[in-house]
Amino acid sequence: MRYIMIMLVALLACAAPLRAQGQLVIVGGGLADDNDTVFAAFLEALPAPDALIAIIPAASGVPAQSAAAFAAQLTRRGVAPERIRIIRLAVEDDPDTPEDESLWRGHGEDAGEIARLADVGAIWFTGGDQARILATLVRADGTDTTMLALIRRRLAAGAVIGGTSAGAAIMSDPMLVQGDPLSLVPGAGPDREPIETGQGLGFLRHALVDQHFGERARLIRLIAALQVRAADRRIGLGIDEDTALVVAPDQRTARVVGRGRVTVVDARTTAYPAGPTWAARGTKVGLLGNGESLDLTSLQRSAQAAPTPAPLSTPAPCLSATSAAGLPASQSELIAAISDALAAGGETTCLVSAGQAGLALKFSRAADASDPWLRLDATPVTVRLEPAER
């Protein structure tokens, strides 16, 4: 009888369907309350229609408010309140609540709080400061807290992990911690925040994520950050605000949903010349819009009707500003305009300057018209100022 029971258990185990790893829903920040497409992508990624959803507000400076705001958007879309669990994990105190949320800092090892994650089918990281998430979920020696180890097990068992802004940055390892793109521009001054990478949570294996991408003109920041990765792993994904990249369970493919774009940066063959000023040559840049997909291993994009641009008679729109406040509303849209305008073999150079020094950004297309990639060379230059003729 004992052997029959063992065989029966084995047969039942074989018959039970294997659950694939969960999806990732990576939002570039600025998620609007009315962006039904992105919220639907998150809810459709649940492993079951009635799955429990956990919200981790650790990144936020007002954690209770941030968690409540996301929970409200879920209930607006039919999620019963009893299915939502706000995980008490934070660094900062929310001054508008009676509780001191800063006391939640050590809950990454709290058995009661960890148990509330044990059966969830979704985990959402709010925006804020990604360093706060690391401070609560990673031990001082760089190893996983008990809570983070459980989050990884939930992902492996089929739970979806999503996050916005800081909650997107943590998806990579290493991750982008901070940095002003203009710190790379010669002459921009010493007060610009330098670009810094550090340990991330590494839910996404293939690429380094940056967020608020087009709105904060972060293309050169991402190219610079990729320099810390091994050459064969220098792939970056810049996600615009109000836009999500939905990564399949096997992490071989991803699709874009939302109102902005995802910029794909392939720096595997980029040259980073040594010198006192930053430069990068030979970076491939591509753009994806709502509904388009990307193979994360080959970087082949979904088939789309390729534009047949006429040769440029005047330069395409360029980026030329000395402060983040003066940059155009979306760098992604300007790069898309350059991409659409450049004919095969064409090029245009844009200038990001600070007084008499700056970076020349030369965008070019290969002579092969079937090649969809832009090439970008970022080179420090000296700017000569002359009075305009009247």
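Residue-wise test of (1) more than 19 Å from Ala71 (Cα to Cα); (2) touching a helix residue (DSSP H, G or I) at 6+ places or on another chain (Cβ under 6 Å).
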| position | (1), (2) |
| --- | --- |
| Glu109 | yes, yes |
| Leu117 | no, yes |
| Ala122 | no, no |
| Gln130 | yes, yes |
| Thr145 | yes, yes |
| Ala149 | yes, no |
| Arg153 | yes, no |
| Ala166 | no, yes |
Quick check on the stretch 118-134. Is at least one of its residues over 20 Å from the mean Cα position of the chain (by Cα), more than 24 Å from Val247 (Cβ to Cβ), without any contact (Cβ under 8 Å) to a residue 60 or more places away in the chain and in the same structural domain as Asp210 (by TED's automatic domain parsing)? no
### Message
Take the conditions buried (at least 21 other Cβ atoms within 10 Å of the Cβ), of a type in the set (Lys, Arg) and outside any strand (DSSP E or B) and apply them to Arg154. Does it pass?
### Response
yes
When the stretch 333-385 is checked residue by residue, the ones that are modelled with pLDDT of 85 or more, hydroxyl-bearing (Ser, Thr, Tyr) and under 23 Å from Arg218 (Cβ atoms) are Ser339, Thr348, Thr349, Ser364, Thr379
Going through the stretch 317-332 in order, the residues found to be at pLDDT 85 or above and touching a helix residue (DSSP H, G or I) at 6+ places or on another chain (Cβ under 8 Å) are Gln331
**Asked** Can Gly127 be described as at pLDDT 95 or above, touching a strand residue (DSSP E or B) at 6+ places or on another chain (Cβ under 9 Å), surrounded by 23 or more Cβ atoms within 10 Å (Cβ to Cβ) and part of a loop (DSSP other than H, G, I, E, B)?
**Response** yes
Restricted to the stretch 171-194 and to residues being polar (S, T, N, Q) and touching a strand residue (DSSP E or B) at 6+ places or on another chain (Cβ under 9 Å), the residue nearest to Gln251 (Cα to Cα) is Ser172
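The values are calculated or read from the model by the stated rules, or taken from the named source; none is laboratory data. Keep in mind that this is a model prediction, so the values were computed, not measured. FYI the Cβ positions are ideal-geometry reconstructions off the backbone, even for glycines, and counts take in every protein chain you see.
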